[in-house]
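Worksheet for the structure shown next.
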Amino acid sequence: MKKPLQLSFTFLLAGALIASAGCSSSNSADTSKSDAKPATNAVKQGGTVNISLDADPPKLDPSFSTALVDRMVFQSIYDKLVDLDDKGNIVPMLADKWDVSPDQKSYTFHLHPGVKFTDGTDFNADAVKFNIERYMDKASTRRNELQAVDKVSVVDPSTVKIDLKQPFAPFLSVLTDRAGMMVSPAAVKQYGDDFLNHPVGTGPFVLKDRVKGSTLTLEKNPNYWKEGLPHLDKVVYKIINDSNQALNNLKSGQVDITNVFPTKEIPNFANDPKISVVNQAGQGFQGMHLNASKAPFDNAALRSAVDLMIDRDAIVKVVLNGAGTAGHSPFAPTQFAFGDTDKFERPNVDKAKELLKQGGKPDGFSFTLKIGTTPTNQQLGQMIQNMLKPAGITVNLEKVEFGTLIDQAKNGNYEAVQLGWSGRPDPDQNLYDWDVTDGTQNYSRYSNKDVDTLLQSARVEGDNNKRKELYDKAMQILNTENPYLYLYHSNNVFGLSKEVQGFVYVPDGLIRTATLSK
Amino acid sequence: MAFLVRRLLLAVPVIFLVTILVFSLMHMLPGDPATVILGQEAPPEAVAALREQLGLNDPIVMQYLHWLGGVLHGDLGHSLVDNSPVSDLIAQRLPVTVELTIGTFLIALIIAIPAGIISATRQGKFSDYVASILAMSGMSIPSFWFAMMLIVLFAVKLGWFPASGYTPFFENPAANITAMILPMFATALREAAVLMRMLRSSLLEVMSADYIRTAYSKGQRERVVVLRHAFKNALVPVVTTSGLMVAGLLGGLVITESIFSIPGFGKLIVDSIYQRDFVTVQGAVLVSALLVVVINLAVDLTYSLIDPRIKVGKGAEG
């Protein structure tokens with residue numbers, strides 16, 4: 001499966017990402033995303049940049065999208081109310097500024113004036129209301145992200161107010177991604193269910209042609225609201241499932257940027273005259289769920305024994321070729337919640353055997369670990385298998401096709417399953433749904449009232465210092481109970497032709513095309 | 001004509017059985033389509049709502065009849081993933097694979113026929129060994145590996161052809177052909193090897209027949225004997241193999257299509273299976289079954305052209 005098809009859902013299996021060795025983002029022209037910035041004469045206008053994607057984007061409608069590759073293409077077609085900058089800070093996009101009420105329950109957005117959708121209709125407060133309400137609909141996959149929203153009101157054509165049921169700290173972070181993307185209400189009304197085949201936004205490029213399974217050709221939006229942007233005439237996304245084949249295309253010049261770069265090849269491109277590698281920390285993590293609802297992992301001591309036997313540094317070295325960071329929390333190094341809770345112990349057989357005794361299995365036990373089918377998944381599984389042997393823990397590896405893997409994980413039909421997450425800007429978006437009782441990604445079926453209370457408090461607290469304290473407390477419990485074993489933080493690794501200028505690495509790992517030139 | 005009608009009618013139950021088989025197999029696959037489509041983060045309510053919308057809660061027989069009803073009205077349904085009509089998806093993808101198949105097959109023939117003839121007529125000589133070694137290599141080298149090597153040499157090192165990708169023929173014929181040459185060669189090597197071995201043994205058998213000795217004894221030159229008398233008679237098993245080969249290629253080029261990022265028919269089916277887009281899989285497999293029936297029919301008709309002693313509709317059909 002690869003991917004074949006694989007559906008790279010919004011998270012990636014271990015295989016997909018990684019890395020962190022010497023990276024160099026290519027060059028200059030940076031910052032222009034936060035606000036309109038006149039093109040300098042130095043920036044070349046026109047031309048085409050070809051970007052390879054590892055899967056065909058299934059749904060070009062932010063309301064129904066579930067795949068990471070969709071979000072890659074969305075950066076060209078849609079703008080969001082707010083965006084992330086290269087440091088991961090939230091910056092204005094379609095909203096020039098916003099006010100938050102003292103009780104943190106009301107957000108008033110002041111929209112950039114004069115913006116039009118690429119079908120010629122106006123982007124205004126009514127459009128924002130339309131979009132947010134559309135994402136709150138039962139059928140939308142965005143519903144969960146916007147569950148805090150109570151109502152959206154149009155104050156005047158360029159001002160919109162969103163009231164929340166209770167304070168929700170990750171709210172702006174949520175709006176930097178699909179839930180904040182503005183699509184044309186007129187186009188949605190015109191095309192209905194088929195809107196995803198006729199996407200219309202306010203973005204720098206417009207979808208002109210698509211050969212399913214092969215290419216998406218986007219042309220410049222000549223009326224783009226950010227002055228001087230975009231620089232290119234065309235962006236072509238090429239679907240190339242295999243990362244080595246994407247690299248061949250990069251070498252031969254058919255592709256200028258690859259969204260997945262084979263980590264084994266990173267050292268070979270340290271001084272390449274034509275290709276640079278961007279290898280930067282992302283927001284995601286990889287690890288494994290242990291099913292706390294049934295034996296053997298309904299026993300926290302046994303979960304901890306497994307945790308203690310894993311050599312995370314070795315995994316990062318061997319599986320990721322260094323393109324990642326070993327860790328023990330869901331928080332990316334760029335997030336405010338990151339800190340001491342990410343520390344982990346070196347493997348310790350004696351201590352693990354002690355835990356096994358506590359857990360009533362002094363002679364060890366065996367369990368089945370379900371993994372995906374990529375070579376990376378397999379390598380990771382085999383390493384874990386070998387690492388647990390000295391403590392007498394036997395791991396049976398079961399390779400499962402990806403769609404089935406998710407299904408079985410959701411239904412609790414597993415003992416241990418390796419599944420990660422591509423990550424989001426706010427810590428809440430990397431933790432809440434995994435560990436809160438009945439959370440949408442709580443495949444471990446873990447439930448702890450103290451954790452529930454802490455995570456709930458952390459999402460309504462406005463002050464990040466206080467939030468960090470709450471997350472620290474929650475992670476102390478989770479790192480003792482170990483319903484999910486964090487293994488490492490993934491890097492995003494891109495291959496980039498040195499002819500491409502203006503590439504800005506943003507921690508969400510999505511390629512902003514407006515500032516590119518060639 | 002009666003033969004044709006009879007063959008086509010016989011195909012109906014076959015295709016009917018194929019649809020039932022595919023439908024049941026798709027529904028036996030682990031992994032609920034709604035869960036797969038909505039992904040990791042979807043809340044249970046959304047999954048339930050989608051199941052309802054897709055009609056997955058109906059009894060499976062009802063789902064099948066519903067689908068079959070659409071098919072009989074010429075409606076293959078809409079993709080579960082992006083709502084495109086399945087007939088459009090097939091119409092986009094099938095011509096790509098047909099082009100790839102025809103090209104692969106022609107290249108295979110161009111290699112196999114001369115090699116097969118040389119090898120059979122120079123049996124035991126140097127050129128036979130060379131041809132046989134090449135054929136053995138062709139059969140034993142995995143086509144995906146050969147494809148990668150072609151890419152490294154011709155796309156990355158020499159830059160003669162693109163490493164992958166696809167341009168529709170009518171948009172830019174030159175770009176289409178340059179992009180298709182490497183994938184065609186990569187697949188054709190193996191097929192050529194099979195055809196060449198087949199032709200060689202078939203020719204050797206025919207060459208020992210009495211009428212060939214007669215032809216030689218009448219003083220005809222070898223060239224004439226081989227090409228006019230022997231070759232045609234040696235073709236029957238080769239045509240049978242070719243028919244199976246073409247039918248196999250139409251649905252089985254998925255590895256080549258994946259390596260070269262060609263949006264073909266095989267890849268459509270495999271991608272759709274992974275996405276649990278069973279409406280698309282069913283439609284595509286149905287079309288694929290139809291194609292196999294048509295190709296087999298064409299092969300049978302070809303026999304009588306090659307060898308008038310074979311009468312379609314008599315004997316063989318019995």
Seminar exercise, completed: For B:Lys218, the lysines lying under 23 Å Cα to Cα, once residues fewer than eight places off in the same chain are dropped, come out as B:Lys232
For this session: Over all alpha-carbon pairs in the protein assembly as shown, figure out the percentage whose distance exceeds 47 Å.
Result: 29 percent
Exercise. Roughly speaking, to the nearest percent, how much of segment A:74-180's 1.4 Å accessible area is carbon and sulfur?
Worked result: 50 percent
Exercise. Aspartates and glutamates near A:Lys44 by alpha-carbon distance under 17 Å, same-chain residues fewer than 8 away left out - which ones?
Worked result: A:Asp30, A:Glu219, A:Glu227, A:Asp233, A:Asp256, A:Glu499
For this session: Note every residue of segment A:128-165 with a reduction of at least 20 square angstrom in accessible area, all protein chains present versus the isolated chain, computed with a 1.4 Å probe, or write none.
Result: A:Lys138, A:Thr141, A:Asn144
Exercise. Given H placed 1.01 Å from N in the peptide plane, which residues other than close sequence neighbours of A:Thr368 have an amide H under 5 Å from its amide H?
Worked result: A:Asn396, A:Glu415, A:Ala416
Exercise. Ordered by packing density, taken as the mean number of other Cβ atoms within 10 Å over each peptide's residues, highest first, how do A:390-400, B:205-215, B:51-61 rank?
Worked result: A:390-400, B:205-215, B:51-61
For this session: Search the structure for amide H atoms under 5 Å from the amide H of A:Gly287, placed 1.01 Å from N in the peptide plane, and list their residues when 5 or more places away or on another chain.
Result: A:Leu419, A:Gly420, A:Leu487
For this session: Report which residues of segment B:268-308 become buried by 40 Å² or more of accessible surface when going from the isolated chain to the complete set of protein chains (1.4 Å probe; DNA, RNA and ligands ignored).
Result: B:Tyr274, B:Gln275
Seminar exercise, completed: Under the helix-only model (-39500 (n - 2.57) for each DSSP H run of 4 or more, divided by the residues of chain A), the mean residue ellipticity at 222 nm, to 500 deg cm²/dmol, is -7500 deg cm²/dmol
Exercise. For segment A:333-347, what does the Karplus curve 6.51 cos²θ - 1.76 cosθ + 1.60, with θ = phi - 60°, yield as ³J(HN,Hα) per residue in whole Hz, taken in order and with x for Gly and Pro?
Worked result: x, 7, 8, 5, 7, 5, x, 4, 5, 7, 6, 9, 8, 5, x
Seminar exercise, completed: Charge tally for neighbours of B:Thr121 with beta carbon under 14 Å away, counting Lys, Arg as +1 and Asp, Glu as -1, is +3
Exercise. In this model, which of A:Lys370/A:Lys473; A:Lys116/A:Lys220; A:Lys449/A:Lys473; A:Lys294/A:Lys468; A:Lys343/A:Lys370 are farther than 21 Å apart at the alpha-carbon?
Worked result: A:Lys370/A:Lys473; A:Lys294/A:Lys468; A:Lys343/A:Lys370
Problem set entry | Where segment B:166-318 is the region considered: accessible area per residue in Å², 1.4 Å probe | 45 Å²
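Calculate the mean, over all residues of peptide B:79-88, of how many other protein chain Cβ atoms lie within 10 angstrom of the residue's Cβ. Numbers along the way, then the final one.
Numbers: counts 2, 1, 8, 12, 10, 4, 1, 0, 0, 2.
Rounded to a whole number, the mean comes out at 4.
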Problem set entry | Proportion of all alpha-carbon pairs of segment A:216-318 beyond 18 Å (%) | 69 percent
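As a test of the definition: with a 1.4 Å probe, what buried accessible area, both sides summed, do you compute for A against B, in Å² to the nearest 100? Don't jump to the answer; show the numbers that get you there.
On the way: alone 19640 and 17400 Å², together 33390 Å².
Counting protein atoms only, the buried area is about 3600 Å².
Roll a 1.4 Å probe over the protein chains and send me the accessible area per residue for segment A:252-325 in Å². Write out the running numbers ahead of the final one.
Working: 2300 Å² over 74 residues.
Result: 31 Å² per residue.
Counting only other chains, and only Cβ atoms inside 10 Å, what mean value do you get across the residues of A:401-413?
On the way: counts 6, 4, 13, 8, 4, 8, 10, 3, 2, 7, 2, 0, 1.
Shielding by partners across A:401-413 averages 5.
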Problem set entry | Accessible area of segment B:34-146 belonging to carbon and sulfur atoms, whole % at 1.4 Å probe | 71 percent
Exercise. What residues in segment B:153-167 lose 20 Å² or more of accessible surface when the other protein chains are added to their chain alone (1.4 Å probe)?
Worked result: B:Val156, B:Pro162, B:Ala163, B:Ser164, B:Tyr166
For this session: Determine the calculated [θ] at 222 nm for chain B from helices alone, applying -39500 (n - 2.57) to every DSSP H run no shorter than 4 residues and normalising by the residue count; nearest 500 deg cm²/dmol.
Result: -24000 deg cm²/dmol
Problem set entry | Alpha-carbon centroid distance for the pair segment B:1-44 / segment A:75-116, whole angstrom | 47 Å
For this session: Determine the distance separating the Cα centre of segment A:471-486 from the Cα centre of segment A:185-225; give it in Å without decimals.
Result: 43 Å
Exercise. So how do A:260-270, A:328-338 stack up, highest first, on mean other-Cβ count within 10 Å?
Worked result: A:328-338, A:260-270
For this session: Sort segment A:59-199 into rounded, prolate or oblate with this rule: let a ≥ b ≥ c be the square roots of the eigenvalues of the Cα gyration tensor; rounded if a/c is under 1.5, and if a/c is not under 1.5, prolate when a/b is larger than b/c, oblate otherwise.
Result: rounded
Seminar exercise, completed: Across A:249-258, the residue-averaged tally of Cβ atoms belonging to other chains within 10 Å stands at 5
For this session: Enter the Cα centre distance for the pair segment A:310-350 and segment B:181-250, rounded to the nearest angstrom.
Result: 63 Å
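The values are calculated or read from the model by the stated rules, or taken from the named source; none is laboratory data. Just so it is clear, the structure is predicted and the values come from calculations on it, not from any experiment. FYI the Cβ positions are ideal-geometry reconstructions off the backbone, even for glycines, and counts take in every protein chain you see. Just the protein is used for accessible areas: all its heavy atoms, side chains included, with ligands, DNA and RNA removed. Shrake-Rupley method; radii C 1.70, N 1.55, O 1.52, S 1.80 Å.
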